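Reading through the structure tokens given below for one structure.
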Amino acid sequence: MAETMNKWIAEWYEQNDADIKKLMRDVWEHPELGLETPYAAKVCAQFVKEHGFDRVELRCAEDYNNPEARPNAVIAEYGSGRPVIGIIGELDALPGLGQNDTPYRDPKDGPGHGCGHCIMAGGSAAAACALKYAMEKDQLKGTLRFIEAPAEEIGVGKGWLAKDGLFDDMDVALMWHPGSCELDYDPRDSVAIYDVEFRFYGKTAHAAGQPWNGRSALDAVQLMNMGCEFMREHVKPGSYIHYCITAGGLAPNVVPDYAAVRYFFRSKSGMEGAKEIYDRACKVADGAAMMTETTVEKHINMTMPDLIYNIPLCRFLYQSALKLPDLEYTPEEQQFARDLYKSVMEKDAPEDFDKVMPMHISEFHDHKDGVKSSATDASYMSYICPTMHSSGMGNLLGGPGHHWGMTCCAGTALGQKAGIFGYMALVQGAYDIFTHPEVTEEFWEYQRSLNLPKLDYSVLK
Ligand SMILES: [Zn+2]
């Protein structure tokens, strides 16, 4: 017979199901951006306090030692000694993705949880409480540290918390993220990222009257983009270049004296690979400036390392996840998902519900082909301690991320049940680590074998 979940964890989740969903919904209804997540932080701190945590602090991630700074993160702790297990959640939403909980496009002004971080915020708070409950019942030794982080979408939240030293003594850090695939524990290649704005300065003039006196910053932006398009052919496999024009002039009859373009350079060859593309793009930018007699400033917004998968930890947590009962949706929820599928995917939902919503755990492989090309600031933790960033479930199968459809899932049972499931699997994993603490030696042996460099925090701002 297959092993089953720890009964205390199961009991806690059964008793608190409605409260968890209420918390997820509360965060969904109050979407906040970037480092400005005081509301989400407050309600998540309240939740864990109400469920028995004594050591709960609201802090400011980027000004950690200043108690006066407005809070945007939660740190709570229970227990003492080793091992130290971190349960991590995220709080921030995305601009422009406000959506009502209808299975068709019905926009709401402002930001929305189009990446589903509200179900991570509630899911991780619940996970911390469930784990604490099981630790008490079975008198487990060790420390549980619960962290809610802001600003994942701008790539700095966990960078600041890493700089603050919150992961330094952790044996493992555990988090889950929703996704449009089955729940996945497989290690794979991931990307590091350079986020850079190139700001061009020219000379304004009447575009018709005296164009010879103007030097167009917009021309420089266009030439830079053209140069980068040609460069695409000559970058290594696993390199990604994305851009948008952030300033392009104000009127056609005025030669723009200012224009800017923002680039994300991603590489599966770590920070070195991303920097290599950045350095070459700088030459393209300088060339564009020279051609147009403008000047250029390079402004690095953020850099983020690649996510390091700790293979023994992934394998261990996969085994723990198999102890959970299946994720299920009611007939009403299934109908809602089918309607949403039709609106988002612009075709009828498949007959077989297994092809509409992810509800299963993918079979584990020591390495999965293909690069995880989206980046996450969980990578900061993964350079410091063995880290699990499991992903999958909570969005339509094959559905788009950073999309109103995800906002809709995150505000309803479709996402909420996945958030509970994804984190519950990690709680069972944490329980199994607390009861077999010697396994952390294997995780650390692997971590050390990677010889990871020290992180550079100088770009955080
Ligand atoms: Zn996200």
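Here's the picture: charge each Lys and Arg Cβ at +1 and each Asp and Glu Cβ at -1 in the chain, and of G123, A375, Y457 the one pushed furthest to the positive end of that dipole is Y457. Dimensions of the chain along the principal axes, based on C-alpha atoms and rounded to the nearest Å, stand at 80, 49, 46, largest first.
Note that the range 241-249 has calculated 3J(HN,Hα) couplings of 10, 10, 8, 8, 7, 9, 8, x, x Hz, one per residue in order, obtained from phi through the Karplus relation 6.51 cos²θ - 1.76 cosθ + 1.60 (θ = phi - 60°); glycine and proline are x.
Summarising the amide proton neighbourhood of E32: residues at separation of 5 or more, or on other chains, whose placed amide H is nearer than 5 Å comprise A93.
Highest mean packing comes first when the peptides 405-417, 30-42 are listed by Cβ atoms within 10 Å, giving 405-417, 30-42. Where only DSSP H runs of four or more residues are counted, the chain gives -12500 deg cm²/dmol as its mean residue ellipticity at 222 nm, each run worth -39500 (n - 2.57). Note on K108: aspartates and glutamates with a C-alpha under 15 Å away, same-chain residues under 8 apart excluded, are E29, E32. Only Cα pairs under 8 Å and 6+ residues apart enter the sum, and on that basis the relative contact order of the range 192-304 stands at 45 percent.
Packing, taken as the mean count of other beta carbons within 10 Å per residue, orders the peptides 272-280, 421-429 from highest to lowest as 421-429, 272-280. Ordering S80, S124 from the fewest to the most neighbouring beta carbons within 10 Å gives S80, S124. Charge dipole of the chain (Cα centre as origin; +1 on each Lys and Arg Cβ, -1 on each Asp and Glu Cβ, all else neutral): 980 debye, rounded to the nearest 20. Computed on the chain, with alpha-carbon pairs under 8 angstrom and 6+ residues apart, the relative contact order is 23 percent. Annotation: the residues L313, L183, sorted from fewest to most other C-beta atoms within 10 Å of their own C-beta, follow the order L183, L313.
When the chain is described by a simple charge dipole with +1 on each Lys and Arg Cβ and -1 on each Asp and Glu Cβ, the residue from F265, V27, S216 located farthest towards its positive end is S216.
Note that the range 127-143 has calculated 3J(HN,Hα) couplings of 4, 4, 5, 5, 5, 4, 4, 5, 5, 5, 4, 9, 6, 7, 8, x, 10 Hz, one per residue in order, obtained from phi through the Karplus relation 6.51 cos²θ - 1.76 cosθ + 1.60 (θ = phi - 60°); glycine and proline are x.
Exposure proxy for W28, W444, W176: other Cβ atoms within 10 Å of each Cβ, ordered fewest to most, give W444, W28, W176. Lysine pair count for the range 192-304 (Cα-Cα distance under 18 Å; residues 8 or more apart in sequence or on different chains): 6. For the cross-link pairs K158/K347; K163/K323; K372/K417, which exceed 29 Å when the distance is taken from alpha carbon to alpha carbon? Cα-Cα > 29 Å for K158/K347; K163/K323; rest within. Amide H contacts of A349 (H built 1.01 Å from N, in plane; Pro and chain starts excluded): K342 sit under 5 Å, all sequence-distant by 5 or more or on other chains.
Laboratory data are not the source of any read-out in this text; all were calculated from the coordinates shown. Given the structure is predicted, the values throughout are model-derived calculations rather than measurements. No Cβ is skipped: glycine too gets one built from the backbone with ideal geometry, and neighbour counts run over all protein chains shown.
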